[in-house]
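Heads up, the thing below is written out as structure tokens.
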Amino acid sequence: MKVVIIGAVAAGMSAAAKLKRIKPDYEVVVYEKTDIVSFGACGLPYYVGDFFHDPNMMIAREKSK
Ligand SMILES: Cc1cc2nc3c(=O)[nH]c(=O)nc-3n(C[C@H](O)[C@H](O)[C@H](O)COP(=O)(O)OP(=O)(O)OC[C@H]3O[C@@H](n4cnc5c(N)ncnc54)[C@H](O)[C@@H]3O)c2cc1C
């Protein structure tokens, strides 16, 4: 079975990870139109508010992982 997921933020990557855990034999492909996956938009107010300065801290996972 091949499953295609559109969007690689919270919902898409959660769905992909869960599916691979319960159906490891499935082929799961995630399409993301930007270069960033697992972006945590919830961190934006803290970044804008100067609580941290490295925007990469809002990215939970690299594409390669
Ligand atoms: C300021 C802020 C604070 C937040 N605080 C919280 C919080 O405290 N707690 C909480 O639980 N949630 C919070 N959220 C919400 C949380 O971040 C979102 O629920 C989450 O980002 C939603 O992710 P999503 O995957 O559903 O969709 P989206 O974030 O909408 O991501 C969709 C992805 O799909 C991609 N995409 C769209 N169309 C295509 C296409 N045709 N082809 C390929 N890729 C496509 C987009 O590029 C995008 O990366 C906050 C959000 C914001 C902005």
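The values are calculated or read from the model by the stated rules, or taken from the named source; none is laboratory data. The shown structure was predicted, so the numbers you read here are calculated from the model rather than taken from an experiment. Neighbour counts run over all protein chains shown; Cβ positions are idealised from the backbone, glycine included. For the accessible areas, the whole protein counts, side chains as well, though only heavy atoms, and no ligand, DNA or RNA atoms are used. Shrake-Rupley method; radii C 1.70, N 1.55, O 1.52, S 1.80 Å.
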Members of the range 1-15 found to be surrounded by 15 or more Cβ atoms within 10 Å (Cβ to Cβ) and of a type in the set (A, V, I, L, M, F, W, C), listed by number | I5, A8, V9, M13, A15
Per the filter on the range 1-15, residues of a type outside the set (A, V, I, L, M), under 20 Å from D25 (Cα atoms) and near the ligand (Cβ under 10 Å from one of its atoms) are G12, S14
Kindly provide the set of residues from the range 36-53 that are touching a helix residue (DSSP H, G or I) at 6+ places or on another chain (Cβ under 9 Å), outside any helix (DSSP H, G or I) and without any contact (Cβ under 8 Å) to a residue 12 or more places away in the chain, ordered by number.
-> F51, F52, H53
Determine which member of the set K63, K33, K18 is within 12 Å of the ligand (Cβ to nearest atom), open to solvent by 90 Å² or more (accessible area, probe 1.4 Å) and either at positive phi or not in a strand (DSSP E or B) (or both).
-> K33
Quick one: would you say D25 is within 14 Å of the ligand (Cβ to nearest atom), assigned to a loop (DSSP other than H, G, I, E, B) and open to solvent by 50 Å² or more (accessible area, probe 1.4 Å)?
-> no
